[in-house]
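So the structure is just underneath, and the comments pick up after that.
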Amino acid sequence: MIIDTPAIVLKSFSYGETSIITRCFTEKKGKISLIVRGARSKKSSKFSHFQPMSYIDIIYNHKLKNELQTLSKVSFREYWSHILDDLRSVTFSMTILDITERTLSLEDPFPGLFKILKNVLRSFNQKDKDPSLLFWFYECSLLTHFGFKPNLDKVELPGLLLPDPNSGPNSGSILASLLSGDLDLLPEDEITPIDRSIINNYLWTLLCYHFEGLEKIKSMSTTRKILSK
């Protein structure tokens, strides 16, 4: 079956002498693994398409029994190069990709989450919204799309006592706005240092509770330090 779909590159690594293997979050098939043959050869232009955060169109022949699919064609859909101009945006974006890669299963489509990831990365690139709010918005969206939408009135889960999300001056109202699911309605409340700490700890605690292995994400320690400032 020939698949033609938009995709966002999550990670890539070398394979053999000239090829790469890449993990992409696609609109139609969810997370997939692709082998891109000859991508690192001098005559190939494909290597640049498979850097993390690249937003591309891919065509490949999908084989049901294969976990590793073979790329046929690729082209850029949008360029998000301005993300690289800002350290916070780069750090947050890369951590979002890491979280996405670790939480998605292969070939389990989440078209709604794909759209949100696309729009969040586009906003990082356009620098039109607070990077911290964008990061928290994506955490809320990921939890919601997996069926774990936070209940701000509930501070206990089986075997876990959560940080109280309403204990900051504005943390409860900020989280309620983030959980609305509308990127155009991000909160305008003042974010105090206490609010930052509460929101940061609350969402990360929930993610680590519901998804095994997230605590191993190396970039998250840096991201959490930046989010607290």
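The values are calculated or read from the model by the stated rules, or taken from the named source; none is laboratory data. Just so we're clear, the structure is a prediction, and the values are computed from it rather than from any experiment. A quick note on method: Cβ atoms are made from the backbone with ideal geometry, for glycine too, and the neighbour counts reach across all protein chains shown.
Does L106 fit the bill of being out of contact with any Phe, Trp or Tyr (no Cβ under 8 Å at 6 or more places or on another chain) and closer than 24 Å to I226 by Cβ? No: the conditions fail for L106. Here F76, F110 are screened, and the one residue that is surrounded by fewer than 15 Cβ atoms within 10 Å (Cβ to Cβ), touching a residue at least 12 places away in the same chain (Cβ under 8 Å), farther than 17 Å from S219 by Cβ and among the aromatic types (F, W, Y) is F76. Scanning segment 28-43 for residues that are farther than 23 Å from T100 by Cα and in contact (Cβ under 8 Å) with a residue 24 or more places away in the chain yields R37, R40.
Scanning segment 192-217 for residues that are touching a helix residue (DSSP H, G or I) at 6+ places or on another chain (Cβ under 8 Å) and outside any helix (DSSP H, G or I) gives F211, G213, I217. Taking the criterion of being free of Cβ contacts under 8 Å to residues at least 60 places away in the same chain and in contact with a Cys (Cβ under 7 Å, 6 or more places away or on another chain), the only residue of segment 197-229 that qualifies is E215.
Checking each residue in segment 7-27 for being of a type in the set (F, W, Y) and under 18 Å from D98 (Cα atoms) picks out F13, F25.
When the residues of segment 169-190 are filtered to those that are part of a loop (DSSP other than H, G, I, E, B) and at pLDDT below 95, which remaining residue is farthest from C140 (Cα to Cα)? Residue satisfying both the conditions and the ranking: E190. The residues of segment 154-168 that are assigned to a loop (DSSP other than H, G, I, E, B) and either in contact with a His (Cβ under 6 Å, 6 or more places away or on another chain) or touching a residue at least 12 places away in the same chain (Cβ under 8 Å) (or both), listed by number, are L162, P163, D164, P165, N166, S167, G168. What do you reckon, is G181 surrounded by fewer than 17 Cβ atoms within 10 Å (Cβ to Cβ) and under 20 Å from K127 (Cα atoms)? Answer is yes for this residue.
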